[in-house]
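Q: Got a structure here, written out as structure tokens. Questions coming.
The values are calculated or read from the model by the stated rules, or taken from the named source; none is laboratory data. The model shown is predicted, which means the values in this text are computed figures rather than measured ones. Every residue, glycine among them, receives a Cβ derived from its backbone with ideal geometry; neighbour counts consider all protein chains shown.
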Amino acid sequence: MKFVDEFRDAHLIRQAAGEIRRLADPARHYRLMEVCGGHTHAIYRFALKDVLPDNIELVHGPGCPVCVLPMGRVDDGLSIASDPKVILATFGDMMRVPGRNGTPLEHKARGADIRMVYSPLDALKLAEKNPDREVVFFAIGFETTAPSTALTLMRARALGIRNFSVFCNHVTIIPAIRAILDSPDMRIEAFIGPGHVSTVIGCRPYEFICRDYKRPLVTSGFEPLDVLQSIVMILRQLEAGTAFVENQYARVVPWEGNLPALRAMAEVFELRPYFEWRGLGFISQSALKLRDSYAAWDAESRFHIPGIRVTDPKAAQCGEVLKGVLKPHQCKLFGRECTPEKPVGALMVSSEGACAAYYNYALRTTAAAAV
Amino acid sequence: MPDYKAQIRFSDSQIEMAHGAGGKASRRLIEGLIAPALGGPLLEALGDAALVEIAGARLAFTADSFVVKPLRFPGGSIGDLAVNGTVNDLAVSGAKPAALLVTLILEAGLSSEVLEVELRAIAAAARHAGVVVVGGDTKVVEHGMADGMYITTAGIGAVDPRATCSPKLVKPGDRILLSGPIGDHGITILLARGEIDLETDLRSDTRPVYPMIEALIGRVGSGVKWMRDPTRGGVASSLNELAADARVAIALFEETVPVREQVRGACEILGLEPMHIANEGQFLAVVAPECAEEALDAVRSVAGGEEAVFIGEVREAPARTVLSISAYGGTRVVDMLVGDPLPRIC
Ligand code: SF4
């Protein structure tokens with residue numbers, strides 16, 4: 001496959017790993033945060049740890065959209081679906097995320113009309129096909145998916161489709177990174193910057209991390225070679241004592257971002273004053289809501305949303321894992337009460353969630369090391 | 001009748017789609033609820049087909065139901081699947097498929113033209129697989145109850161005396177043979193539902209695998225220790241079941257697992273693992289190392305078996321685990337499918 005196989009070439013991967021070994025100072029311990037869940041997935045899927053020296057620790061960041069959604073918002077979404085008039089449409093990732101009374105899949109099995117869609121436009125098509133029903137799209141995701149929600153809303157308005165609305169849970173990445181940088185537990189030396197989000201927002205918004213916090217950030221692709229190359233670039237910066245934004249993923253990420261996508265977002269969304277993140281608490285100006293001009297398509301003004309707040313089960317340590325303070329297997333519930341089949345926290349649901357990635361691909365690594 | 005004791009507890013409060021997807025939940029339902037409730041010693045083996053001895057003859061006996069949407073898709077239809085799925089369950093049990101019962105559950109409102117097309121497909125597939133349809137049943141349910149039509153087929157065949165498969169025979173050093181590229185069927189069906197805008201020329205791989213298995217057993221006999229057709233849950237789930245039943249590790253060499261470009265591409269885009277995707281016309285076999293080359297030769301010599309390969313080997317540790325080893329030496333665990341394969345968003 002073009003643009004994939006080149007980045008999985010075993011010889012080049014070994015070379016990059018060798019370069020990392022050469023650059024990494026054995027007397028130092030490096031903590032690098034991969035912000036994006038896609039990177040977490042790739043790191044486990046391709047077992048990149050096996051080729052990295054032990055003193056390079058990869059810490060999973062807050063970049064998996066379902067993982068950072070608090071349980072209360074899941075319950076809010078499901079409460080809309082309890083209305084028999086409603087078809088709730090959402091991405092596959094959401095289907096197994098637990099609310100207090102079960103996941104969307106379990107609600108569906110009990111009779112709620114919840115459908116999995118591949119894009120918000122498919123949800124809009126559902127509304128066109130079911131004029132006597134209310135179709136609500138449960139929107140999640142960072143700047144990666146927000147533009148397609150925006151374009152869908154613009155389309156709904158242009159076509160005058162009235163039985164469609166969006167329950168908006170889009171969040172923005174920059175305030176989350178800032179929250180981590182400001183956290184007292186903060187021990188991260190550099191960031192592997194999100195690839196997909198950056199295709200929309202570009203690289204410039206990360207500059208403050210380097211300027212104000214003196215931490216390098218390298219925007220990275222998702223193939224094994226991308227991630228390793230980004231680590232090489234980070235180590236070179238750390239060695240030289242510099243901190244700036246670099247773009248490893250230039251084949252996809254334009255430095256200035258995707259202007260039409262940003263325009264669509266600006267037309268439809270505005271920042272919420274604050275929003276709750278799982279594990280990170282309330283972060284101001286960190287999420288999007290629909291502008292008043294789109295109120296007719298805003299599920300939050302069209303339906304009664306109970307505004308449920310749920311604290312995570314006591315023993316669940318999703319917050320610590322999300323902030324990179326704990327590794328997934330250090331959570332007391334990991335692999336016992338909490339498994340991908342019966343997840344307690346959202347980090348165990350999506351394959352981008354640190355706990356699920358860890359469980360699916362690396363659970364038995366100690367045993368595997370013996371092979 | 002000795003008691004069949006559940007090793008696994010089934011405590012799920014309701015049945016969900018995942019319980020039918022061929023992964024962990026399916027196994028829990030079968031081993032934790034169905035087998036203990038209905039079980040006798042024969043059910044304990046939980047193979048693709050039941051092996052029974054009647055008047056001195058060793059027979060394999062199996063049934064399968066087919067509930068596919070849409071009814072027709074590139075490369076096949078529900079009618080082909082209903083025949084091939086069942087004859088393949090017999091074949092991987094080491095039996096030559098002989099006769100089929102076909103039960104139709106039809107939804108009121110189904111066009112008779114569609115029904116006729118599927119009946120012809122059943123007849124053609126049965127002819128091709130060398131089995132005769134000897135009976136069955138027909139029921140009609142109300143409109144809205146059966147996605148057009150469901151088919152259940154039951155099949156019977158005589159077990160080849162040279163076939164002695166059992167997970168108990170599987171030992172470290174054995175090799176894992178796969179008959180051809182994986183994932184074609186599952187991805188074809190996913191795309192045929194029209195929910196995703198991806199264009200490919202993929203076709204389902206539905207076909208009978210008996211000719212390949214006949215050649216294999218004919219050549220190496222008891223050198224074949226285990227066989228399975230990796231349908232729902234894919235290669236990953238079949239091999240995980242083997243690793244658990246035989247208490248061994250299975251090491252796969254990632255590079256050697258054949259996956260077509262289009263399947264790989266679709267999986268990349270949707271965030272799916274090709275080894276979790278369903279197949280209909282492939283089989284896996286564990287063969288003893290001393291007859292490995294002969295075994296591969298035998299399968300490759302049959303039309304349709306040309307792409308057969310060895311994809312891995314049986315190891316001692318870590319027991320009950322399937323590992324995939326990349327060309328650059330990374331090792332990852334390949335777990336069973338959890339629930340239905342759900343695409344990721346980004
Ligand atoms: S194991 Fe489960 S409960 Fe613990 S941090 Fe991970 S998702 Fe949360």
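Q: Would you please name the residue that is surrounded by the most Cβ atoms within 10 Å (Cβ to Cβ), looking only at residues in the range A:149-175 that are over 28 Å from A:Pro70 (Cβ atoms) and out of contact with any Asp or Glu (no Cβ under 9 Å at 6 or more places or on another chain)?
A: Within the range A:149-175, the match that is surrounded by the most Cβ atoms within 10 Å (Cβ to Cβ) is A:Arg157.
Q: For the range A:145-198, enumerate the residues that are without any contact (Cβ under 8 Å) to a residue 40 or more places away in the chain and either in contact with a Gly (Cβ under 7 Å, 6 or more places away or on another chain) or among the polar types (S, T, N, Q) (or both).
A: Across the range A:145-198, the qualifying residues are A:Ser148, A:Thr152, A:Asn163.
Q: For the range A:176-226: of the residues being in a helix (DSSP H, G or I) and basic (Lys, Arg), which is nearest to A:Leu58 (Cα to Cα)?
A: That would be A:Arg178.
Q: All but one of (1) within 14 Å of chain A (Cβ to nearest Cβ); (2) surrounded by 21 or more Cβ atoms within 10 Å (Cβ to Cβ); (3) of a type in the set (A, V, I, L, M, F, W, C); (4) not in a loop (DSSP other than H, G, I, E, B) hold for B:Leu272, so report the exception by its number.
A: Single failed check for B:Leu272: (4).
One line per residue, one yes/no per condition, for (1) crowded, with 19+ Cβ neighbours inside 10 Å; (2) more than 25 Å from B:Met275 (Cβ to Cβ); (3) at pLDDT 80 or above; (4) not basic (Lys, Arg):
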position: B:Gln7; (1), (2), (3), (4): no, no, no, yes
position: B:Gln14; (1), (2), (3), (4): no, yes, yes, yes
position: B:Glu31; (1), (2), (3), (4): yes, no, yes, yes
position: B:Pro41; (1), (2), (3), (4): no, yes, no, yes
position: B:Glu44; (1), (2), (3), (4): no, yes, no, yes
position: B:Val52; (1), (2), (3), (4): no, yes, yes, yes
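Q: Additional query: Between residues in the range A:303-315 that are assigned to a loop (DSSP other than H, G, I, E, B) and residues that are of a type in the set (A, V, I, L, M, F, W, C) and within 16 Å of the ligand (Cβ to nearest atom), which pairs lie under 7 Å by C-beta distance while being six or more apart or on different chains?
A: Close Cβ pairs satisfying both conditions: A:Val310/A:Met71; A:Asp312/A:Met71; A:Asp312/A:Cys318; A:Pro313/A:Val344; A:Ala315/A:Leu333.
Q: Here's another thing I want to ask about it. Could you tell me whether A:Leu262 is away from the ligand (no atom under 16 Å from the Cβ), in contact (Cβ under 8 Å) with a residue 12 or more places away in the chain and part of a strand (DSSP E or B)?
A: Criteria not met by A:Leu262.
Q: Name the residues in the range B:51-73 that are small (Gly, Ala, Ser) and under 23 Å from B:Ile122 (Cα atoms), would you?
A: B:Ala60, B:Ala63, B:Ser65 - these are the residues of the range B:51-73 that are small (Gly, Ala, Ser) and under 23 Å from B:Ile122 (Cα atoms).
Residues checked against (1) buried (at least 19 other Cβ atoms within 10 Å of the Cβ); (2) at pLDDT below 95; (3) away from chain A (no Cβ under 12 Å):
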{"site": "B:Gly221", "(1), (2), (3)": "no, yes, yes"}
{"site": "B:Trp226", "(1), (2), (3)": "yes, no, yes"}
{"site": "B:Glu254", "(1), (2), (3)": "yes, yes, no"}
{"site": "B:Glu290", "(1), (2), (3)": "no, no, yes"}
{"site": "B:Gly305", "(1), (2), (3)": "yes, no, yes"}
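Q: Scan the range A:313-324 and tell me whether some residue there is more than 9 Å from the ligand (Cβ to nearest atom), loosely packed, with under 15 Cβ neighbours inside 10 Å and more than 29 Å from B:Cys267 (Cβ to Cβ).
A: Looking through the range A:313-324, at least one residue is more than 9 Å from the ligand (Cβ to nearest atom), loosely packed, with under 15 Cβ neighbours inside 10 Å and more than 29 Å from B:Cys267 (Cβ to Cβ).
Q: Still on this structure, please answer the following. Inside the range A:337-359, can you point out the residues that are within 19 Å of B:Lys24 (Cβ to Cβ), more than 9 Å from the ligand (Cβ to nearest atom) and in a loop (DSSP other than H, G, I, E, B)?
A: A:Pro340, A:Glu341, A:Lys342, A:Ser350, A:Ser351
Q: Out of all the residues in the range A:227-271, which are basic (Lys, Arg) and either touching a strand residue (DSSP E or B) at 6+ places or on another chain (Cβ under 7 Å) or modelled with pLDDT of 95 or more (or both)?
A: Across the range A:227-271, the qualifying residues are A:Arg236, A:Arg263.
Q: Which strands (runs of 3 or more DSSP E) sit wholly inside the range A:20-123 and have at least 3 residues that are under 30 Å from A:Gln237 (Cα atoms)?
A: Details: elements: A:30-36, A:56-63, A:86-90, A:114-116.
Ranges flagged: A:30-36, A:56-63.
Q: Sticking with this one: Please go through (1) more than 11 Å from the ligand (Cβ to nearest atom); (2) away from chain B (no Cβ under 14 Å); (3) of a type in the set (D, E, K, R) for A:Lys327 and return the number of the only condition it doesn't satisfy.
A: With (1) more than 11 Å from the ligand (Cβ to nearest atom); (2) away from chain B (no Cβ under 14 Å); (3) of a type in the set (D, E, K, R) applied to A:Lys327, the lone miss is (1).
Q: Go through the range B:91-149 and give me each residue that's surrounded by 12 or more Cβ atoms within 10 Å (Cβ to Cβ) and in contact with a His (Cβ under 8 Å, 6 or more places away or on another chain).
A: The one that is surrounded by 12 or more Cβ atoms within 10 Å (Cβ to Cβ) and in contact with a His (Cβ under 8 Å, 6 or more places away or on another chain): B:Glu107.
Q: Right, here's the next one. Considering each residue of the range A:265-299, count those that are assigned to a loop (DSSP other than H, G, I, E, B), surrounded by fewer than 21 Cβ atoms within 10 Å (Cβ to Cβ) and not aliphatic (A, V, I, L, M), and give that number. Reasoning before the result, please.
A: Keep residues of the range A:265-299 that are assigned to a loop (DSSP other than H, G, I, E, B), which gives A:272-273, A:278-280, A:285-286, A:291.
Subset that is surrounded by fewer than 21 Cβ atoms within 10 Å (Cβ to Cβ): A:272-273, A:280, A:285, A:291.
In the following step, the residues that additionally are not aliphatic (A, V, I, L, M) were identified as A:272-273, A:285, A:291.
Residues meeting the conditions: 4.
Q: Separate question: Picking from A:Ala42, A:Ala17, which residue would you name as being within 13 Å of another protein chain (Cβ to nearest Cβ), surrounded by fewer than 24 Cβ atoms within 10 Å (Cβ to Cβ) and under 30 Å from A:Ile114 (Cα atoms)?
A: A:Ala42
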